[in-house]
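The values are calculated or read from the model by the stated rules, or taken from the named source; none is laboratory data. No experiment lies behind these values; they were computed from the predicted model shown. FYI the Cβ positions are ideal-geometry reconstructions off the backbone, even for glycines, and counts take in every protein chain you see.
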Amino acid sequence: MKSLTKREEELMKLFWEKGPLFVKEIIPLLDEPQPHFNTVSTIVRGLEAKGYVAHEAFGNTHRYYAAVSESEYGKRTLGNVVSRYFGSSYLSAVSSLVKEEKISIDELKSLIELVEKQNK
């Protein structure tokens, strides 16, 4: 699945938080300066082409909804980062977090305990 731009992620967050939306309902939820209707419509149709949203037809208009959950998107994004920057090694990714002091030894121990419990 293709990656998302910053603006596409912003719209996906709205779908995950608010549920199904018409394009005209999205615009007031965006920060100023608010984009034109056609701009938002183009982005949403791009999200649909990428498989992230789907729609229900209501006459001549469409109500769009997330076709990918936020959790699923997060897993894919993490997988892409690990693949691209850590040679597909989650061990290298975690090692980097430890070296950069982004994860503490206690947190790492908790993670090990969690993995051990799941493997029993």
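Identify all residues within the range 1-47 that are of a type in the set (A, V, I, L, M), outside any helix (DSSP H, G or I) and out of contact with any Leu (no Cβ under 9 Å at 6 or more places or on another chain); write none if there are none. Within the range 1-47, just MET1 meets the criteria. The set of residues in the range 78-103 being assigned to a helix (DSSP H, G or I), surrounded by 14 or more Cβ atoms within 10 Å (Cβ to Cβ) and in contact with a Ser or Thr (Cβ under 8 Å, 6 or more places away or on another chain) consists of VAL82 alone.
Rundown of residues vs (1) touching a residue at least 12 places away in the same chain (Cβ under 8 Å); (2) assigned by TED's automatic domain parsing to the domain that holds VAL81; (3) over 30 Å from VAL81 (Cα atoms); (4) among the hydroxyl-bearing types (Ser, Thr, Tyr), yes/no style:
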| site | (1), (2), (3), (4) |
| --- | --- |
| LEU11 | yes, no, no, no |
| LEU14 | yes, no, no, no |
| PRO20 | yes, no, no, no |
| GLU25 | no, no, yes, no |
| GLU32 | no, no, yes, no |
| PHE37 | yes, no, yes, no |
| VAL40 | yes, no, no, no |
| GLY46 | yes, no, no, no |
| HIS55 | no, no, no, no |
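Just wondering, is there one or more residues in the range 56-63 that are touching a helix residue (DSSP H, G or I) at 6+ places or on another chain (Cβ under 9 Å), loosely packed, with under 13 Cβ neighbours inside 10 Å and in a strand (DSSP E or B)? Yes, the range 56-63 contains a residue that is touching a helix residue (DSSP H, G or I) at 6+ places or on another chain (Cβ under 9 Å), loosely packed, with under 13 Cβ neighbours inside 10 Å and in a strand (DSSP E or B).
Among the residues of the range 93-120, those identified as without any contact (Cβ under 8 Å) to a residue 12 or more places away in the chain and within 23 Å of the chain's Cα centre (by Cα) are SER96, LEU97, LYS102, ILE103.
If you go through the range 65-109 and pick out every residue that is basic (Lys, Arg) and at positive phi, you end up with 0. Among the residues of the range 19-52, those that are over 16 Å from LEU4 (Cβ atoms) and small (Gly, Ala, Ser) comprise GLY19, SER41.
This table checks each residue for (1) closer than 15 Å to ALA67 by Cβ; (2) modelled with pLDDT of 95 or more; (3) surrounded by 12 or more Cβ atoms within 10 Å (Cβ to Cβ).
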site: GLU17; (1), (2), (3): no, yes, no
site: ILE26; (1), (2), (3): no, yes, yes
site: LEU30; (1), (2), (3): no, no, yes
site: SER41; (1), (2), (3): no, yes, yes
site: GLU48; (1), (2), (3): yes, yes, yes
site: ALA54; (1), (2), (3): yes, yes, yes
